[in-house]
Amino acid sequence: MSSSKSSHGHHWPIVIALVSGAAAGVVLQPFVSPAEGDPAAWAGKIIEVCRFFADLFLRALKMVIVPLVVASIISGIAGLKSLDGFARMGLKTWAYYLFGSLVAVCVGLMFVNLVQPGLVDGAPNPTLRAAMDAALESEEAGEVGEIMKNAEGGTASLVDIVRRAVPTNVIDACAKGDLLAIIMFSILFAVAMVLVPGGPPRALQDTFNQLTDVMTLITTWIMKFTPYAVFCLVIPAIATVGLGVLQNLVPYVLTVAGALLFHLLVIMPLVLRFIARVRPAAHFRNMEDPLLMSFSTASSTATIPVTMRSLMENSKVSEKVASFVVPLGATVNMNGTALYECVVVVFAAQVLGIDLSLTQQFIVVLLALVSSIGVAGIPAASLVAIIIIMQNAGFSEDMIKASLGLILTIDRPLDMARTTVNVFGDTVGAVLIARSEGEDVDGRVA
Ligand code: ASP
């Protein structure tokens, strides 16, 4: 990959956009989502315009993902002299994904059991219960019905995820942006390039190297619009939060936020310091762009180009490792999502007065772990997984609808937070694998 200048120091305009966007969102909130009466038409127009510009930016980022991922995986692997150690890297990566998500789910379980956000004095919170019933009847139910339809026929099984990884038609997988299938095919293609008799075909190798450089340059251009896009993304995210319900949900929001922060600021730094042997402060600084981007977009997939760029340019992780760990991680490694799913299900059970036995909690943990692998890296994707977990934990259809109706009102800000943890987990994985492969990662501890 051609080295352009480091992306350090570009983050201030993004921070300013984030803060001013949030402030504008707060000012607009009473007009966009009033507790009573209809929203103001002019405020709706502003939200529409913001969404339009934010959408343009997200579309542009998504546009580069498929060619960038394909080209960088192939040029990263096909450039290897031999495949010795490649399978080992794959195993280490999967071991890290599973370990990270399992720890995250346990953190979620611990917080939700300690804080018990759905209970008052050991009994289901009546205000929350009433809010759930109201949500079941309000128009949110329409949106919930839509999500429930998407979940129909969906399973949280590993077999399904493995099946999805083998595409029947590569062009179709690319057209649909089915990343897991695309990644698997790209790896297969690159491995075949290394093993083809007579050595890697030079022309193919050059083509993919150059394609990576071109796609990286386009990413850099798109990134120049980040501050404006962040401003437009954050306004609707804040303005559409229903503040009336929010008051009742404060303990729940604090539980999710506390657990996510604990994973981000305690568990991950420990992994960085003692397993990856990289200074956490240096890593956080190097990852400013992906952190801000994942928070603003609530999409791990849309953040892929930025994550790869920061890892290679700031952390000096090789293309081989970054192109393998990041796209795969954005698709299957979701620490924040796994944690969130667990908290939501146990919280809803508390409000509904469902007493989850230890075995049932264990099932929730397992399903949260497995289903987070299958969740797509796009906003609100985990809601479908939550439905599937609830079905398996014995919730009735109405209970699921009521729970979803309640948590939907505050899902977007929490989505932004969990996506940040998802993406940060991928970056920690990348430096950890890079270090274990003997790479000279920035901020390493001797
Ligand atoms: N928005 C999340 C992501 O892209 C997925 C989710 O939890 O909804 O990582």
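Apply the a/c threshold of 1.5 to the C-alpha gyration tensor of segment 37-192 and tell me whether it is rounded, prolate or oblate.
Values: a/c = 2.50, a/b = 1.52, b/c = 1.64.
Verdict is oblate for segment 37-192.
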Under 1.5 on a/c is rounded, so check that first for the chain, then, if it is not, pick prolate when a/b is larger than b/c and oblate when it is not; a ≥ b ≥ c are the square roots of the alpha carbon gyration tensor eigenvalues. prolate
GNM flexibility winner over the chain from Val115, Val428, Val64 (Cα, springs under 10 Å): Val115
Label-point gap, in nm, between Val166 and Asp355 - each point 7 angstrom along Cα→Cβ: 4.6
Given a 1.4 angstrom probe, I'd like the percentage of the accessible area of the chain that is carbon and sulfur, rounded to a whole number. 66
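Remind me, what semi-axes does segment 313-396 give for its equivalent ellipsoid, largest first in whole Å, using sqrt of 5 times each Cα gyration tensor eigenvalue? Before the final figure, lay out each step's value.
Numbers: eigenvalues 203, 26, 20 Å².
For segment 313-396, the semi-axes come out at 32, 11, 10 Å.
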The set of cysteines in the chain having no other cysteine's C-beta under 4.7 Å reads Cys106, Cys174, Cys342
Calculate the translational D of segment 347-446 in whole µm² s⁻¹ from Stokes-Einstein, where the hydrodynamic radius comes from the Kirkwood formula applied to all Cα pairs, the temperature is 4 °C and the viscosity 1.567 mPa s. 82
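If DNA, RNA and ligands are ignored and the probe is 1.4 Å, what is the ranking of Lys81, Lys149 by accessible area, most exposed first? Each step should come with its number before you reach the end.
Details: Lys81 195, Lys149 125 Å².
Reading off the accessible areas and sorting them downward yields Lys81, Lys149.
By per-residue mean of other Cβ atoms within 10 Å, what is the highest-first order of 373-386, 211-224, 392-405, 321-334? Let's see the in-between values first.
Values: 373-386: 22.2, 211-224: 17.0, 392-405: 19.2, 321-334: 28.2.
Final packing ranking: 321-334, 373-386, 392-405, 211-224.
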Radius 13 Å from Cβ of Ala259, net charge of other residues (Lys, Arg +1; Asp, Glu -1): 0
Rough spin-label spacing in nm, given labels placed 7 Å along Cα→Cβ, for Ala23 and Leu188: 5.4
Describe numerically, in nm with one decimal, the distance between label points set 7 Å from Cα along Cα→Cβ at Val120 and at Ile218. 5.5
Could you state how much accessible area Arg277 has, in square angstrom rounded to the nearest 10, with a 1.4 Å probe and all protein chains kept in place? 90
How high is the relative contact order of segment 358-446, given as a whole-number percent (alpha carbon pairs under 8 Å, six or more residues apart)? 20
What do the square roots of 5 times the Cα gyration tensor eigenvalues come to for segment 104-236, in whole Å, largest first, as semi-axes of the equivalent ellipsoid? 46, 23, 18
So, counting K/R as plus one and D/E as minus one, what does the shell of residues with Cβ under 11 Å around Ser371 add up to? -2
For the chain, the per residue accessible area (1.4 Å probe, Å²) is 43
Whichever lysines have a C-alpha closer than 29 Å to that of Lys316, once near sequence neighbours (fewer than 8 apart) are set aside: Lys5, Lys62, Lys81, Lys92, Lys224
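What FRET efficiency do you get for Leu246 and Phe53 if R0 is 35 Å and r is their Cβ-Cβ distance, rounded to the nearest 0.05? Each step should come with its number before you reach the end.
On the way: r = 26 Å, r/R0 = 0.75.
The value I calculate is 0.85.
The values are calculated or read from the model by the stated rules, or taken from the named source; none is laboratory data. All values derive from a computational prediction rather than experimental measurement. Cβ atoms come from the backbone with ideal geometry, glycine included; neighbour counts cover every protein chain shown. Ligands, DNA and RNA are excluded from the accessible area calculation, which covers all protein heavy atoms including side chains. Shrake-Rupley method; radii C 1.70, N 1.55, O 1.52, S 1.80 Å.
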